[in-house]
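Below: one structure, written as structure tokens.
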Amino acid sequence: MFVGHVFRRLLETILEKGYVRVLDLCAAPGGKTTDLAASLREAFGDRFILVSNEVMKQRAGVLADNVALWGDSNVVVTSDDPHAFAALPEFFDMVVADVPCSGEGMFRKDEEAQRQWSEDNVALCEARQRRIIADMWPCLKKGGVLIYSTCTFNRYENDGNVSWIADELGADVLEPLQEDLPGVIRTRHGFSLVPGHVEGEGQYCAALVRTSDEVSSDGYAQSRRAPKPGKKPAAALPEGLKKLFKTDVALRQKGETITAVPSAIAPDVAVLESMLHVLSAGCAVGVLKGQTLVPDADLALSTAYDESSYPVADVDLHTALSFLHKDAIALPESEKGYVLVRYEGLPLGFVKNLGNRCNNLHPQGRRIRMDI
């Protein structure tokens, strides 16, 4: 939450831009990404792209699902080592890097974090953090902003690394917050949040603006590979599918699933797909069975979806929970066919109403486990 607070303060300095590119470099499981996406949408509407990256494959899958649940089609999920982003020189206006650390801020709630701590591990984390930032540095524009954060306390991984970034990579340390926040400790370059002084676990956060002209990273040279072919637009897809969305989209096909990418970010998505491992972009629309679209669960949750596209059933709490539990529900007063299930104005997903019962299209992997 503190990273998001700093991000919003710094966002005010670039509000004049017509279009903004942001990278959440170490994003899983997705809490920062959803916070950043909400702030960007409030500030820029559809005029932004947020790339949410996680190098660990299993964690990247969790991230992609959480982004789909959040429903913002301007978020792209990737799974790449930071050095891969150097193939996109000066692409991003802002980078948020919540780097892997020694985890001293987790000592209060995680005994394993205490057992794993050592001076050698601190030194290892310090070096790894420098490698991560140096490898991705070319992708940040000159004048672009880096928000650097950890969940640890020591000066080596925090202020020490911020000094190293400024001196070795070329940056000025920023003062993103003018107000004094209760319990937040100001350090030489940033802010430290310590349990007992603030609610929650430990954290450090600082911000810098890139001043260097030259790209100087070993990772940059390694990542200058031949571009991969991007995904081609799906052939002969019904143009009427675009009417499912409130904004202009480009339709594509990935396997059997049709996806829709907002036209505002489609050129950037093509570039990203040629250079990186893109797990998801835009919104999953559904699967065509003959001339009939079986709507995807993600479509119902997308902020770009036009809720007038399918009949809507506003249900009570018990029916909503039963739907999320993936139980069979009945909507006798609704039209037959595909119906959007909604609770208190919030879309939950789709069913196929057969009259006496409904086929529940809620994904098995998202089924809630509570006893209904």
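Count, please, the residues in segment 271-293 that happen to be assigned to a helix (DSSP H, G or I) and buried (at least 18 other Cβ atoms within 10 Å of the Cβ).
Final tally of qualifying residues: 3.
I'd like the residue in segment 1-24 that is more than 14 Å from ALA207 (Cβ to Cβ) and not basic (Lys, Arg) and, out of all such residues, is surrounded by the most Cβ atoms within 10 Å (Cβ to Cβ). Even if it seems obvious, please write down each step before you answer.
Initial filter on segment 1-24 (more than 14 Å from ALA207 (Cβ to Cβ)): 1, 15-21, 23-24.
Now narrow it down to the ones that are not basic (Lys, Arg): 1, 15-16, 18-20, 23-24.
Working: MET1: 11, LEU15: 9, GLU16: 5, GLY18: 6, TYR19: 13, VAL20: 18, LEU23: 28, ASP24: 30.
By that ranking, first place goes to ASP24.
Examine segment 61-81 for a residue that is touching a residue at least 40 places away in the same chain (Cβ under 8 Å), surrounded by fewer than 24 Cβ atoms within 10 Å (Cβ to Cβ), within 18 Å of LYS141 (Cβ to Cβ) and over 13 Å from the mean Cα position of the chain (by Cα), and state whether such a residue exists.
no
Of everything in segment 237-289, what is more than 23 Å from the chain's Cα centre (by Cα), of a type in the set (A, V, I, L, M, F, W, C) and farther than 28 Å from GLY18 by Cβ? Give them in sequence order.
If the condition is that a residue be more than 23 Å from the chain's Cα centre (by Cα), of a type in the set (A, V, I, L, M, F, W, C) and farther than 28 Å from GLY18 by Cβ, then LEU237, LEU241, VAL287, LEU288 are the ones that fit.
Those residues that are assigned to a loop (DSSP other than H, G, I, E, B) and open to solvent by 40 Å² or more (accessible area, probe 1.4 Å), I need them from segment 326-347; list them, please. Let's see the steps before the verdict.
Just the residues of segment 326-347 that are assigned to a loop (DSSP other than H, G, I, E, B), to begin with: 326-336, 344-345.
The answer is LYS326, ASP327, ALA328, ALA330, PRO332, GLU333, GLU335, LYS336, GLU344, GLY345.
Pick out the one residue from ALA226, ALA234 that is of a type in the set (A, V, I, L, M), more than 25 Å from ASN53 (Cα to Cα), more than 24 Å from the chain's Cα centre (by Cα) and modelled with pLDDT under 95. Talk me through it step by step, then tell me what you get.
On the way: ALA226 fails: more than 25 Å from ASN53 (Cα to Cα).
After ruling out the rest, the residue left standing is ALA234.
Identify, by number, the condition in (1) surrounded by fewer than 21 Cβ atoms within 10 Å (Cβ to Cβ); (2) farther than 25 Å from THR13 by Cβ that ASP35 doesn't meet.
For ASP35, the exception is condition (2).
Could you say which residue among PHE350, PHE323 is in a strand (DSSP E or B) and aromatic (Phe, Trp, Tyr)?
Numbers: PHE323 fails: in a strand (DSSP E or B).
Just a single option satisfies the conditions, and that option is PHE350.
Within 30 Å of ASP93 (Cβ to Cβ) and open to solvent by less than 20 Å² (accessible area, probe 1.4 Å): does that describe ALA320?
Details: within 30 Å of ASP93 (Cβ to Cβ): no; open to solvent by less than 20 Å² (accessible area, probe 1.4 Å): yes.
Criteria not met by ALA320.
Tally time: how many residues in segment 342-372 are under 19 Å from ASP306 (Cβ atoms) and in contact (Cβ under 8 Å) with a residue 40 or more places away in the chain?
Of the residues in that region, 5 qualify.
Pick from THR247, THR259: which is buried (at least 19 other Cβ atoms within 10 Å of the Cβ), over 18 Å from TYR338 (Cα atoms) and of a type in the set (Ser, Thr, Tyr)? Quick ask: steps written out before the conclusion?
On the way: THR247 fails: buried (at least 19 other Cβ atoms within 10 Å of the Cβ).
Unique residue meeting the criteria: THR259.
The values are calculated or read from the model by the stated rules, or taken from the named source; none is laboratory data. This structure is a prediction, so every number in the text was calculated from the model and none was measured. Every residue, glycine as well, gets a Cβ built from its backbone with ideal geometry; the counts of neighbours run over all protein chains shown. These area figures cover heavy atoms from the full protein model, side chains too; ligands, DNA and RNA do not enter into them. Shrake-Rupley method; radii C 1.70, N 1.55, O 1.52, S 1.80 Å.
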